[in-house]
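To start, the structure itself, in C-alpha coordinates.
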(Lines give C-alpha, C1' and ligand atoms only; values in the text may rest on other atoms or scores of the structure.)
Protein backbone atom coordinates (compact mmCIF):
# COMPACT_ATOMS: atom_id res chain seq x y z
CA UNK A 1 0.00 0.00 0.00
CA UNK A 2 2.84 2.39 0.81
CA UNK A 3 4.29 1.89 -2.67
CA UNK A 4 0.93 2.88 -4.18
CA UNK A 5 0.94 6.07 -2.10
CA UNK A 6 4.50 6.86 -3.16
CA UNK A 7 3.71 6.35 -6.84
CA UNK A 8 0.60 8.52 -6.72
CA UNK A 9 2.38 11.26 -4.79
CA UNK A 10 5.35 11.27 -7.17
CA UNK A 11 2.97 11.65 -10.12
CA UNK A 12 1.49 14.76 -8.53
CA UNK A 13 4.89 16.20 -7.65
CA UNK A 14 6.52 15.17 -10.93
CA UNK A 15 9.83 14.87 -9.08
CA UNK A 16 12.48 12.27 -8.38
CA UNK A 17 12.68 10.29 -5.12
CA UNK A 18 15.39 12.76 -3.98
CA UNK A 19 12.56 15.17 -3.23
CA UNK A 20 11.59 13.09 -0.22
CA UNK A 21 14.34 14.31 2.06
CA UNK A 22 14.24 14.16 5.83
CA UNK A 23 13.20 17.35 7.57
CA UNK A 24 14.39 18.56 10.95
CA UNK A 25 11.59 18.63 13.49
CA UNK A 26 9.27 16.34 11.52
CA UNK A 27 11.14 13.12 10.80
CA UNK A 28 9.98 10.12 12.87
CA UNK A 29 7.39 12.12 14.81
CA UNK A 30 4.39 9.98 15.77
CA UNK A 31 1.16 11.73 14.85
CA UNK A 32 -2.43 10.55 15.23
CA UNK A 33 -4.99 11.92 12.78
CA UNK A 34 -8.64 11.66 13.83
CA UNK A 35 -11.30 12.61 11.34
CA UNK A 36 -13.74 11.84 8.57
CA UNK A 37 -13.75 12.29 4.78
CA UNK A 38 -11.31 15.21 4.53
CA UNK A 39 -8.75 13.38 6.66
CA UNK A 40 -9.44 10.13 4.82
CA UNK A 41 -9.19 11.45 1.25
CA UNK A 42 -12.69 10.67 0.02
CA UNK A 43 -12.24 12.33 -3.39
CA UNK A 44 -8.70 11.06 -3.93
CA UNK A 45 -8.95 7.29 -3.43
CA UNK A 46 -8.07 7.37 0.26
CA UNK A 47 -4.94 9.49 -0.12
CA UNK A 48 -4.92 12.78 1.80
CA UNK A 49 -2.44 15.20 3.34
CA UNK A 50 -1.70 12.42 5.86
CA UNK A 51 0.05 10.32 3.21
CA UNK A 52 1.90 13.34 1.82
CA UNK A 53 3.22 14.17 5.28
CA UNK A 54 4.18 10.53 5.80
CA UNK A 55 6.05 10.15 2.51
CA UNK A 56 7.49 13.64 2.11
CA UNK A 57 8.43 14.40 5.70
CA UNK A 58 8.98 10.88 7.06
CA UNK A 59 6.42 11.27 9.84
CA UNK A 60 4.99 8.15 11.46
CA UNK A 61 1.32 8.75 10.79
CA UNK A 62 -1.69 6.88 12.18
CA UNK A 63 -4.87 7.70 10.26
CA UNK A 64 -8.10 7.04 12.16
CA UNK A 65 -10.55 8.40 9.60
CA UNK A 66 -13.96 7.21 8.39
CA UNK A 67 -15.97 9.20 5.86
CA UNK A 68 -19.37 10.53 6.87
CA UNK A 69 -18.78 10.31 10.62
CA UNK A 70 -19.42 12.95 13.28
CA UNK A 71 -17.51 14.16 16.29
CA UNK A 72 -20.50 13.54 18.55
CA UNK A 73 -22.43 10.36 19.21
CA UNK A 74 -22.47 7.01 20.91
CA UNK A 75 -22.23 5.21 17.57
CA UNK A 76 -19.05 3.12 17.34
CA UNK A 77 -17.70 5.12 14.39
CA UNK A 78 -18.07 8.60 15.89
CA UNK A 79 -14.81 10.41 16.59
CA UNK A 80 -15.40 10.34 20.32
CA UNK A 81 -15.80 6.56 20.33
CA UNK A 82 -12.96 5.77 17.92
CA UNK A 83 -10.35 7.72 19.88
CA UNK A 84 -10.85 5.25 22.74
CA UNK A 85 -9.66 2.25 20.71
CA UNK A 86 -7.33 0.11 22.79
CA UNK A 87 -4.70 -0.12 20.04
CA UNK A 88 -4.43 3.68 20.02
CA UNK A 89 -4.21 4.01 23.79
CA UNK A 90 -1.15 1.74 23.84
CA UNK A 91 0.78 3.98 21.45
CA UNK A 92 2.79 7.11 22.17
CA UNK A 93 1.96 10.13 20.03
CA UNK A 94 3.80 13.42 19.69
CA UNK A 95 0.68 15.18 18.42
CA UNK A 96 -3.05 14.57 17.96
CA UNK A 97 -4.63 16.22 14.92
CA UNK A 98 -8.43 16.24 14.88
CA UNK A 99 -10.69 17.37 12.05
CA UNK A 100 -13.53 19.72 12.93
CA UNK A 101 -16.14 17.56 11.26
CA UNK A 102 -18.48 18.97 8.65
CA UNK A 103 -20.92 16.11 9.31
CA UNK A 104 -22.34 16.97 12.74
CA UNK A 105 -24.70 19.58 11.32
CA UNK A 106 -25.80 17.30 8.49
CA UNK A 107 -26.49 14.52 11.00
CA UNK A 108 -28.45 16.92 13.24
CA UNK A 109 -26.12 16.61 16.22
CA UNK A 110 -26.83 19.10 19.00
CA UNK A 111 -24.11 21.72 19.29
CA UNK A 112 -23.98 21.72 23.10
CA UNK A 113 -21.98 24.15 25.18
CA UNK A 114 -18.58 24.59 26.77
CA UNK A 115 -18.46 23.36 30.37
CA UNK A 116 -16.40 24.65 33.27
CA UNK A 117 -15.26 21.10 34.07
CA UNK A 118 -12.04 19.48 32.80
CA UNK A 119 -12.64 15.80 33.58
CA UNK A 120 -13.57 13.85 30.45
CA UNK A 121 -16.42 12.07 32.22
CA UNK A 122 -18.19 15.40 32.73
CA UNK A 123 -18.91 15.99 29.03
CA UNK A 124 -22.01 15.06 27.05
CA UNK A 125 -20.56 13.24 24.06
CA UNK A 126 -23.90 13.30 22.25
CA UNK A 127 -23.30 17.00 21.61
CA UNK A 128 -20.57 18.23 19.29
CA UNK A 129 -18.88 20.58 21.75
CA UNK A 130 -19.17 17.94 24.48
CA UNK A 131 -17.46 15.44 22.18
CA UNK A 132 -14.70 17.93 21.38
CA UNK A 133 -14.05 18.56 25.07
CA UNK A 134 -14.05 14.82 25.75
CA UNK A 135 -11.51 14.23 22.98
CA UNK A 136 -9.25 17.00 24.27
CA UNK A 137 -9.46 15.83 27.89
CA UNK A 138 -8.98 12.17 26.96
CA UNK A 139 -5.96 12.91 24.76
CA UNK A 140 -4.28 14.99 27.44
CA UNK A 141 -4.84 12.25 30.01
CA UNK A 142 -3.86 9.35 27.74
CA UNK A 143 -0.90 10.74 25.79
CA UNK A 144 -0.04 14.09 27.42
CA UNK A 145 0.43 15.46 23.93
CA UNK A 146 -0.34 18.71 22.09
CA UNK A 147 -3.71 18.79 20.32
CA UNK A 148 -4.40 20.44 16.99
CA UNK A 149 -7.91 20.90 15.61
CA UNK A 150 -8.20 21.86 11.96
CA UNK A 151 -11.13 23.39 10.12
CA UNK A 152 -12.11 22.54 6.56
CA UNK A 153 -12.83 24.60 3.47
CA UNK A 154 -16.49 24.34 2.56
CA UNK A 155 -19.44 26.43 1.40
CA UNK A 156 -21.11 28.82 3.84
CA UNK A 157 -22.77 26.94 6.70
CA UNK A 158 -24.06 28.68 9.87
CA UNK A 159 -23.70 25.47 11.94
CA UNK A 160 -20.06 25.04 10.96
CA UNK A 161 -19.34 28.72 11.43
CA UNK A 162 -20.70 28.47 14.98
CA UNK A 163 -18.51 25.43 15.64
CA UNK A 164 -15.45 27.36 14.48
CA UNK A 165 -16.40 30.20 16.83
CA UNK A 166 -16.64 27.77 19.75
CA UNK A 167 -13.39 26.08 18.72
CA UNK A 168 -11.58 29.34 19.44
CA UNK A 169 -13.32 29.48 22.82
CA UNK A 170 -12.04 25.96 23.50
CA UNK A 171 -8.55 27.12 22.59
CA UNK A 172 -8.78 29.67 25.39
CA UNK A 173 -9.90 27.03 27.89
CA UNK A 174 -7.69 24.10 26.90
CA UNK A 175 -4.67 25.76 25.26
CA UNK A 176 -5.12 23.72 22.10
CA UNK A 177 -3.79 24.60 18.65
CA UNK A 178 -5.95 25.50 15.64
CA UNK A 179 -5.21 25.31 11.92
CA UNK A 180 -8.05 27.34 10.44
CA UNK A 181 -8.08 26.23 6.81
CA UNK A 182 -11.74 27.31 6.57
CA UNK A 183 -10.76 30.89 7.34
CA UNK A 184 -7.43 30.91 5.49
CA UNK A 185 -7.56 33.68 2.88
CA UNK A 186 -4.70 32.29 0.79
CA UNK A 187 -6.26 28.82 0.57
CA UNK A 188 -9.68 30.15 -0.37
CA UNK A 189 -8.17 32.39 -3.05
CA UNK A 190 -6.30 29.47 -4.63
CA UNK A 191 -9.43 27.41 -5.19
CA UNK A 192 -11.14 30.33 -6.92
CA UNK A 193 -8.53 30.28 -9.67
CA UNK A 194 -7.99 26.54 -10.03
CA UNK A 195 -11.04 24.28 -10.14
CA UNK A 196 -8.88 21.15 -10.21
CA UNK A 197 -7.88 21.56 -6.56
CA UNK A 198 -11.26 20.43 -5.19
CA UNK A 199 -13.78 17.83 -6.34
CA UNK A 200 -16.65 19.77 -4.74
CA UNK A 201 -17.10 22.52 -2.14
CA UNK A 202 -15.32 20.54 0.59
CA UNK A 203 -13.27 17.60 -0.71
CA UNK A 204 -9.79 18.19 -2.15
CA UNK A 205 -8.39 16.29 -5.09
CA UNK A 206 -4.91 14.79 -4.82
CA UNK A 207 -3.60 18.08 -6.19
CA UNK A 208 -5.58 20.05 -3.63
CA UNK A 209 -4.18 17.99 -0.79
CA UNK A 210 -0.60 18.47 -1.97
CA UNK A 211 -0.70 22.17 -2.76
CA UNK A 212 -3.27 23.50 -0.26
CA UNK A 213 -3.55 21.27 2.80
CA UNK A 214 -0.06 19.77 3.02
CA UNK A 215 1.96 23.03 3.11
CA UNK A 216 -0.37 24.47 5.75
CA UNK A 217 -0.09 21.36 7.91
CA UNK A 218 3.67 21.08 7.51
CA UNK A 219 4.22 24.66 8.68
CA UNK A 220 1.79 24.32 11.58
CA UNK A 221 3.17 21.00 12.80
CA UNK A 222 6.73 22.33 12.73
CA UNK A 223 5.62 25.30 14.78
CA UNK A 224 3.84 23.16 17.38
CA UNK A 225 6.59 20.58 17.79
CA UNK A 226 9.29 23.23 18.05
CA UNK A 227 7.54 24.48 21.20
CA UNK A 228 7.88 21.04 22.77
CA UNK A 229 11.67 20.91 22.51
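For the residues 227, 169, 222, 155, the requirement of being over 21 Å from residue 37 (Cβ atoms) and modelled with pLDDT under 95 singles out 227. Can you name the residue in the range 149-174 that is within 17 Å of the chain's Cα centre (by Cα) and under 23 Å from residue 94 (Cα atoms) and is also surrounded by the most Cβ atoms within 10 Å (Cβ to Cβ) among such residues? Filtering first and then ranking leaves 149. Considering (1) touching a helix residue (DSSP H, G or I) at 6+ places or on another chain (Cβ under 9 Å); (2) at pLDDT 95 or above; (3) over 23 Å from residue 201 (Cβ atoms); (4) surrounded by fewer than 16 Cβ atoms within 10 Å (Cβ to Cβ), the lone condition that residue 68 does not fulfil carries the number (3).
Can you tell me which residue in the range 125-136 is surrounded by the most Cβ atoms within 10 Å (Cβ to Cβ), limited to those that are free of Cβ contacts under 8 Å to residues at least 60 places away in the same chain and within 17 Å of the chain's Cα centre (by Cα)? This residue is 128. Whether any residue in the range 79-99 is surrounded by 13 or more Cβ atoms within 10 Å (Cβ to Cβ), outside any loop (DSSP other than H, G, I, E, B), without any contact (Cβ under 8 Å) to a residue 24 or more places away in the chain and in contact with a helix residue (DSSP H, G or I) (Cβ under 7 Å, 6 or more places away or on another chain) is what I want to check. No, there is no match, as no residue in the range 79-99 is surrounded by 13 or more Cβ atoms within 10 Å (Cβ to Cβ), outside any loop (DSSP other than H, G, I, E, B), without any contact (Cβ under 8 Å) to a residue 24 or more places away in the chain and in contact with a helix residue (DSSP H, G or I) (Cβ under 7 Å, 6 or more places away or on another chain).
Among the residues of the range 141-172, those identified as closer than 23 Å to residue 116 by Cβ and out of contact with any helix residue (DSSP H, G or I) (no Cβ under 8 Å at 6 or more places or on another chain) are 144, 162, 164, 165, 168, 169, 171, 172.
In the condition set (1) at pLDDT below 95; (2) on the phi > 0 side of the Ramachandran plot, residue 112 is compliant with all but (1).
The values are calculated or read from the model by the stated rules, or taken from the named source; none is laboratory data. Keep in mind it's a predicted model, so treat the numbers as computed, not measured. Heads up, the Cβs are rebuilt from the backbone with ideal geometry, glycines too, and the neighbour counts pull from every protein chain shown.
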